[in-house]
Amino acid sequence: MKEIKETEHWIDTEGGRLFAKSWSPYEPRLAPPVILFHDSLGCVALWRTFPQLLATALRRPIIAYDRLGFGRSDARTDRLDKDFVTREAEQSIPLLCAALSLSEFIACGHSVGGGMAVGAGARFPGQCKGVITIAAQAFVEDRTLAGIRTAQTEFASPDSMGRLSKYHGKKAEWVLSAWIDTWLAPEFGDWTLDKALRAVHCPQLAIHGERDEFGSVAHPRRIAGEHGRCHILPYVGHNPHRECPELLVEVIENWLVSLPA
């Protein structure tokens, strides 16, 4: 018998419909589900096998959603403002919790989604029982900007835009602009996660690839701070959920098991 039940959800918002998907074990543990926040070019489909692997290992529900403007969610045309990272959780978490009857959750995000997971921990201290970041940025680093400029050049190719359109359809150009133009804007240069990090009091795990092309290990160390745990993955780049999904699941599982009941 299949161990995991996959369910699609549609959630109405003021700006349009959000697409979400859940992976639920048929015999789950009594533990908070994990909500996944995708990266700047990501969506539910680009998590690939990771949510199912995580649901199987943790025996708890995993929930991922496409932010407005991404994947199968409705389009948007506005420009992202400087506070979009931490504001995302403030806007999306109440809707997800209401639609899926969630009272508690673990927030887990990749890249900019990691910052959104931190925002969830800061904004919802009573509901968020843990924050996990994967290849997240805590500030604007030269390496981050250099990686974005390299990607900008690569996306001048029709083939690269074609791959992006496969997941975002006609929204692909907006998705790319929302990443590149936002991060390279001069007014974004002094952005940090520091304020949100100071407001997070639940357990934190900051995971980072040793060879991450979009950020040095200074990011997970800053996110983990004095009370969280920092875990560096050797020989791994910016996408651990695609490069080494089984290892990533193992790291997360071991950390969750170590937390006090």
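The values are calculated or read from the model by the stated rules, or taken from the named source; none is laboratory data. Being a predicted model, the structure only gives us computed values, none of them experimental. Cβ: placed from backbone, ideal geometry, glycine included. Neighbour counts: every protein chain shown. The area values use the complete protein model at the heavy-atom level, side chains included, leaving out ligands, DNA and RNA. Shrake-Rupley method; radii C 1.70, N 1.55, O 1.52, S 1.80 Å.
Mean-square fluctuations from a GNM of the chain, with a 10 angstrom spring cutoff on Cα atoms, peak among 206, 117, 172 at 172. Compute the separation of the alpha-carbon centres of the stretch 26-45 and the stretch 121-190 and state it in Å as a whole number. So the two Cα centres are separated by 19 Å. Put simply, the amide H of residue 132, placed in the peptide plane, has neighbours under 5 Å in 107, 108, 109, 205, leaving out anything fewer than 5 places away on its chain. For the chain, the antiparallel share of DSSP beta bridges with both residues in that region comes to about 40%.
Distance between the pseudo-spin-label points of residue 30 and residue 226 (7 Å out from Cα toward the beta carbon): 3.6 nm. In a DSSP loop and with at most 11 other Cβ atoms within 10 Å, the GluC sites (Glu not before Pro) in the stretch 1-36 are 14. For the stretch 42-116, relative contact order (Cα pairs under 8 Å, six or more residues apart, normalised by length) works out to 23 percent.
Give the accessible surface of the chain per residue, rounded to a whole number of Å², with probe radius 1.4 Å and ligands, DNA and RNA excluded.
Computed with neighbouring chains in place, this is 47 Å² per residue.
Simple rule: put +1 on each Lys or Arg Cβ and -1 on each Asp or Glu Cβ in the chain, find the dipole, and look at 26, 138, 107; the Cα lying farthest toward the positive end is 26. Placing one equal scatterer on every Cα of the stretch 106-174 and applying the Debye formula, the log10 ratio I(q)/I(0) at q = 0.29 Å⁻¹ is -1.08.
Normalising the average separation of contacting C-alpha pairs (under 8 angstrom, six or more residues apart) by the number of residues puts the relative contact order of the chain at 19 percent.
Backbone geometry of the stretch 204-219 corresponds, through the Karplus equation with coefficients 6.51, -1.76 and 1.60 at θ = phi - 60°, to 3J(HN,Hα) couplings of 10, 10, 10, 9, 8, x, 4, 9, 4, 7, 10, x, 7, 6, 5, 5 Hz, x marking Gly and Pro.
Close amide H contacts of residue 5 (hydrogens built in the peptide plane, cut-off under 5 Å, sequence separation of 5 or more or a different chain): 24, 26.
If you stretched the chain out fully between residue 79 and residue 257, how much longer would it get, using 0.36 nm times the residue separation minus the C-alpha to C-alpha distance? Walk me through the numbers on the way to the answer.
Working: separation 178, 0.36 × 178 = 64.08 nm, distance 4.04 nm.
Between residue 79 and residue 257, full extension yields an extra 60.0 nm.
Of the listed values (i) 1, 6, 13, 16, 17, 15, 11, 9, 6, 4, 2, 0, 0; (ii) 1, 5, 9, 11, 11, 9, 8, 7, 7, 6, 6, 5, 4, 3, 3, 2, 2, 1, 1, 0, 0, 0, 0; (iii) 1, 6, 14, 19, 21, 19, 12, 6, 2, 0, 0, grab the one calculated as P(r) over Cα pairs in 5 Å bins from 0, in percent from the structure here. For P(r) over Cα pairs in 5 Å bins from 0, in percent, the calculated option is (iii).
About its Cα centre, how strong a charge dipole does the chain have in debye, to the nearest 20, once Lys and Arg get +1 and Asp and Glu get -1 at the Cβ?
Details: 29 positive and 32 negative charges, 88 e Å.
Magnitude of the dipole: close to 420 debye.
For a quick check, take a GNM of the chain with Cα springs below 10 Å and name the residue from 246, 88, 154 with the largest mean-square fluctuation. Comparing 246, 88, 154 in a Gaussian network model of the chain, the most mobile one is 154.
Here the calculated FRET efficiency for residue 146 and residue 170, from their Cβ-Cβ distance with R0 = 41 Å, stands at 0.90, rounded to the nearest 0.05.
In the chain, the calculated helix contribution to ellipticity at 222 nm averages -12000 deg cm²/dmol per residue, counting -39,500 (n - 2.57) for every DSSP H run with n ≥ 4. Using a Gaussian network model of the chain in which every pair of alpha carbons under 10 angstrom is joined by a spring, one finds that among 70, 84, 19 the greatest mean-square fluctuation is at 84. Pairs exceeding 24 Å between alpha-carbon atoms, taken from 82/195; 170/195; 129/195: 170/195. Taken along the Cα-to-beta-carbon direction at a fixed 7 Å, the label points for residue 247 and residue 103 span 3.9 nm.
Count the net charge of all other residues whose Cβ sits under 12 Å from the Cβ of residue 191, scoring Lys and Arg as +1 and Asp and Glu as -1.
On the way: positive: 82, 195; negative: 81, 83, 141, 187, 190, 194.
So the environment of residue 191 carries a net charge of -4.
Rounded to the nearest 20, the size of the Cβ-charge dipole of the stretch 21-125 about its Cα centre is 220 debye, with Lys and Arg at +1 and Asp and Glu at -1.
Carbon-plus-sulfur fraction of the accessible area of the stretch 111-153, 1.4 Å probe, in percent? Working shown, then result.
On the way: 630 of 1310 Å².
Whole-percent figure for carbon plus sulfur exposure: 48.
Answer rounded, prolate or oblate for the stretch 172-261, using the Cα gyration tensor with square roots of eigenvalues a ≥ b ≥ c: rounded when a/c is under 1.5, else prolate when a/b is larger than b/c, else oblate. Cα axes put the stretch 172-261 in the oblate bin. Here the Karplus curve 6.51 cos²θ - 1.76 cosθ + 1.60, taken at θ = phi - 60°, turns the phi angles of the stretch 89-99 into couplings of 5, 4, 8, 8, 4, x, 5, 5, 5, 5, 5 Hz, with x standing for Gly and Pro.
Put simply, the stretch 9-53 fits an ellipsoid with semi-axes of 22, 15, 9 Å; these come from the alpha carbon gyration tensor as the roots of five times its eigenvalues, largest first. For the pair the stretch 196-227 and the stretch 75-119, the centres of their Cα atoms are 18 angstrom apart.
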